[in-house]
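The values are calculated or read from the model by the stated rules, or taken from the named source; none is laboratory data. Keep in mind that this is a model prediction, so the values were computed, not measured. Here the Cβ positions follow ideal geometry from the backbone for every residue, glycine too, while neighbour counts run over all protein chains shown.
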Amino acid sequence: MSRAHLYLFSDASPSDWMVKGNDEDWRTVVNLVFQSDPDLQEEVDSGKNHFEILSQDQFYTDFMTDLLSHLPYGQLRNWNTRGGYKLRLCYALGMVQHKYKPIVSACSFQEKTLRASKAMLLESYNRNLSADASGGTGPEKLIGTKKRTQKSRFATNFRSHQEAQSSENQFLVLLFMAWFIANQYTFYRKNMVTRGPQGFDPLDLTIISDKLSGDDDSRRNHEQNLRKLIDPESSAARVTLTRSTLDVPYSGDILANNITGWLNTAISDPGGEFAQKAKAIDYKNVWAGWKILLGSVDKPQFIPASSRLTAIDNS
């Protein structure tokens, strides 16, 4: 039996944190997933970074080379780049998606929906997902107050009492990102290990997070808070969190930024040009994992994002 190893590039748009008074605004979190070549597992075990491993991964390099061949000057740029870059990115992804079938999982939500779902997210995270993501080290307890939200872990292999403190506008997004990642881990573990025929035993997940707003190279408070929610430091955990440190932005990070910006633009303006471009992409192969979070007090509820895009056509 060999280990399965996934790289998950995580990004959020239009920014990491919610802003009071912007309840109607849409936000989108995207997880872009690549499975590393099992033949590179020894190099993964040796501690090499994701950009060192993926630069040797034939699927990843072929995908990026093909994608870049359809972009101006053969370069990925930030989604907010002016001019015709955005439309060209939509075209480029459309040209390569049938061959490579990139794995995109995304969730869009309005700020008011996430605020209304706070209690549900806390309950769901505490009851189900923290143990799944951390290899069963729970139980987990998250305590919310008006002034701050703090998190305490009392693991079965008790080592320390950890706290993560942020404003609610920040913490709710971090909590949702952690919940979304844990949900992804559970899904892939069931399909690749528990039920899958691939011959894998455990599943390792490396999350490459975009630099969170307010963090820099010397201060990574929000990154540490996300790390505590995901719990990669447990001896039983098979989840690790990192981010790219290269001076030149890494291709996986920029592509995740591009897709996040595109999907959030589309969901914010379902009758607009970028929504039309999104609808032109094969839903089953690419956007099947793109959902809209519905407000709920009991359990997480979602609808396909395509329902909002196609509703404009049917109105």
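Which of the residues spanning region 242-253 are buried (at least 20 other Cβ atoms within 10 Å of the Cβ) and out of contact with any strand residue (DSSP E or B) (no Cβ under 9 Å at 6 or more places or on another chain)?
Of everything in region 242-253, just one residue is buried (at least 20 other Cβ atoms within 10 Å of the Cβ) and out of contact with any strand residue (DSSP E or B) (no Cβ under 9 Å at 6 or more places or on another chain), namely S251.
Across region 269-290, what is the number of residues that are buried (at least 20 other Cβ atoms within 10 Å of the Cβ) and assigned to a helix (DSSP H, G or I)?
Qualifying residue count, region 269-290: 5.
Is there any pair with a first residue in region 82-110 that is touching a residue at least 60 places away in the same chain (Cβ under 8 Å) and under 20 Å from L6 (Cβ atoms) and a second that is of a type in the set (G, A, S) and not in a strand (DSSP E or B) whose Cβ atoms are under 8 Å apart and which are 6 or more apart or on different chains, and what are they?
Between residues of region 82-110 that are touching a residue at least 60 places away in the same chain (Cβ under 8 Å) and under 20 Å from L6 (Cβ atoms) and residues that are of a type in the set (G, A, S) and not in a strand (DSSP E or B), the close pairs are A106/A305.
Of the residues in region 31-70, how many are β-branched (V, I, T), modelled with pLDDT of 90 or more and farther than 25 Å from Y91 by Cβ? Lay out the reasoning, then the answer.
Quick first cut of region 31-70, residues β-branched (V, I, T) only: 33, 44, 53, 61, 65.
Checking the rest, the ones that are also modelled with pLDDT of 90 or more come to 33, 53, 61, 65.
Applying the additional criterion that residues be farther than 25 Å from Y91 by Cβ yields 53.
So the count comes out to 1.
List the pairs whose first member sits in region 39-68 and is in contact (Cβ under 8 Å) with a residue 12 or more places away in the chain and more than 24 Å from Q97 (Cα to Cα), whose second member is among the acidic types (D, E) and part of a helix (DSSP H, G or I), and whose Cβ atoms are under 9 Å apart, counting only residues at least 6 apart or on separate chains?
E43/E52
Restricting to region 48-74, give me the number of residues that are of a type in the set (V, I, T) and surrounded by 17 or more Cβ atoms within 10 Å (Cβ to Cβ).
Of the residues in region 48-74, 1 are of a type in the set (V, I, T) and surrounded by 17 or more Cβ atoms within 10 Å (Cβ to Cβ).
Please state which one of R77, R88 is of a type in the set (K, R) and surrounded by fewer than 17 Cβ atoms within 10 Å (Cβ to Cβ).
Within the list R77, R88, the selection yields R88.
Out of the residues in region 43-94 that are among the small types (G, A, S) and assigned to a helix (DSSP H, G or I), which is farthest from S13 (Cα to Cα)? Talk me through it step by step, then tell me what you get.
Our first condition is that a residue be among the small types (G, A, S); within region 43-94, this holds for 46-47, 55, 69, 74, 83-84, 92, 94.
Applying the additional criterion that residues be assigned to a helix (DSSP H, G or I) yields 74, 92, 94.
Numbers: G74: 24, A92: 21, G94: 21 Å.
Among them, the one singled out is G74.
If W17 meets every condition in (1) part of a loop (DSSP other than H, G, I, E, B); (2) modelled with pLDDT of 90 or more apart from one, which number is that one?
(2)
If I filter region 117-130 for residues that are at pLDDT below 90, touching an Asp or Glu at 6+ places or on another chain (Cβ under 8 Å), part of a loop (DSSP other than H, G, I, E, B) and more than 22 Å from N264 (Cβ to Cβ), do I get at least one hit?
no
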